Every structure is written in structure tokens, then in C-alpha cells.
1. Can you give me the distance in nm between label points at Thr71 and Leu100, each placed 7 Å from the Cα along the Cα-to-Cβ direction?
2. Report the convex hull volume per residue for the stretch 100-177, counting only C-alpha atoms, in Å³.
3. Carbon and sulfur together cover what percent of the accessible area of the stretch 56-177 at a 1.4 Å probe radius?
4. About its Cα centre, how strong a charge dipole does the chain have in debye, to the nearest 20, once Lys and Arg get +1 and Asp and Glu get -1 at the Cβ?
5. In a shell of Cβ-Cβ distance under 12 Å around His16, excluding His16 itself, what net charge do Lys and Arg (+1) and Asp and Glu (-1) give?
6. Compute the Rg to Rh ratio over the chain from the alpha carbon atoms, using the Kirkwood formula for Rh, and round to two decimal places.
7. Positive end of the charge dipole of the stretch 109-177 (Lys, Arg +1 and Asp, Glu -1 on Cβ, about the Cα centre): tell me which of Ile169, Tyr131, Gln112 has its Cα farthest that way.
8. Suppose all protein chains stay in the model; what accessible area per residue would a 1.4 Å probe give for the stretch 53-177, in Å²?
Amino acid sequence: MLELSILGFLFEEPLHGYELKERIKALSGHVRPVSDGALYPAITRLVAAGRLDQHTEPGNGAAPRRILSLTEKGRADLLERLRHPKQAEITDQVRFNTLLAFLRHLPDPREQAAVLRRRQEFLLTPASFFYRDGAPVRAEEAGDLFRQGMLRVARATGEAEREWLAEAIARLDTATR
């Protein structure tokens, strides 16, 4: 998820490390904060792999800033990650939101729709936070106020997401005709 965010934001424009960290934090930091101890080693790995380029520019009255930009290899890597996301990037809500943030960079609406269809298929599978005798527990069966709340919110969110996915897929399908 971190590398996808790095590649995605740098696909849009070159950034220095602090700006990149702030954008990643805004995208998912409230749920999964990004630390310097995770970000800068990931950047180093991507530079070593030839996916990022870096150069320094004078800072605003401070130390020089390291500016990061995406290489052609990095662009190709991002597009491949978007075309073929890992299953966890489809099933985990935070990871899926990260994927959605950059899915517009795929140039083919059919490829975009294929990713959305994977999420749609996942959401059509009955699931719950709680199970009884191997079956998902519905909000009405939860037995306590707090679990009922969790399940009701999850159901409403799932319904809204399924509705949006159907609309988005229909628009993308129309765009390919």
C-alpha cells in the first residue's frame, strides 16, 4: 500500500519527501499512519529499483530538499499494480481506497472496470464481523447494542459502495462502446 501511494502521487507530479508524506497521511494516515521509518526505506528501495529518481534543490532558507520523481520504470510498475491489484487490495477497505485514488491513471476504461468488478464480486459474498455456526450474523441477530451498531453501519456502507460500483462500471462500460 505504501509503495502504491508513493508511485501514485509521484505519477501526478514530482514532490519532496515531506510533501509526499503529507499526501499519504491525508489519504490513509487516520487509519494507518505512515512513519519516517517506513516511508524513507520504501523510497530508498524504489530508487534502488530504478522506479524513482531523486535530485536536490535548495530549500526555503533551510537545508536542501530531496525532490522525487517517477521514472518510466516506475510509471510502468504503477500501471501494472493498478491493472492487477493483489487480493488484499480488493478486500481491505483502506487498501482499496488507496487503489481507487490512483485508478484514474489506467488509460483503458475496460481495465478500470475490471478492477471495480473484482471489488463488486467481493462485496456480493455474504460476510460479517461475527459468525454463529459458520453463518454470518446479521445486525438483527447480534444480541447487543454495540455489535448491532457495527453491523448496521457496515451494511449501510456496503450498500452504498455496491450502488456506486454498479454506477461506475456502467459509466466505464458506456465509455468503451
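The values are calculated or read from the model by the stated rules, or taken from the named source; none is laboratory data. Since the structure is predicted, the reported quantities are computational estimates derived from the model, not experimental observations. We place every Cβ from the backbone using ideal geometry, glycine too, and count neighbours over all the protein chains shown. Remember, those area values only see protein heavy atoms, side chains included, never the ligands or the DNA or RNA. Shrake-Rupley method; radii C 1.70, N 1.55, O 1.52, S 1.80 Å.
1. Going from the Thr71 label point to the Leu100 one covers 3.3 nm.
2. On the way: hull volume 7.2 nm³, N = 78.
Here the figure is 93 Å³ per residue.
3. Working: 4150 of 7850 Å².
Looking at the stretch 56-177 in its full context, I get 53 percent from C and S.
4. Details: 27 positive and 25 negative charges, 29 e Å.
Here the chain has a charge dipole of around 140 debye.
5. Values: positive: Lys21, Arg23, Arg65, Arg66; negative: Glu13, Glu19, Glu22, Glu57.
Overall, the nearby charge balance is 0.
6. Numbers: Rg = 19.7 Å, Rh = 18.4 Å.
Ratio value, two decimals: 1.07.
7. Gln112
8. Details: 8080 Å² over 125 residues.
For the stretch 53-177, the per-residue accessible area is 65 Å².
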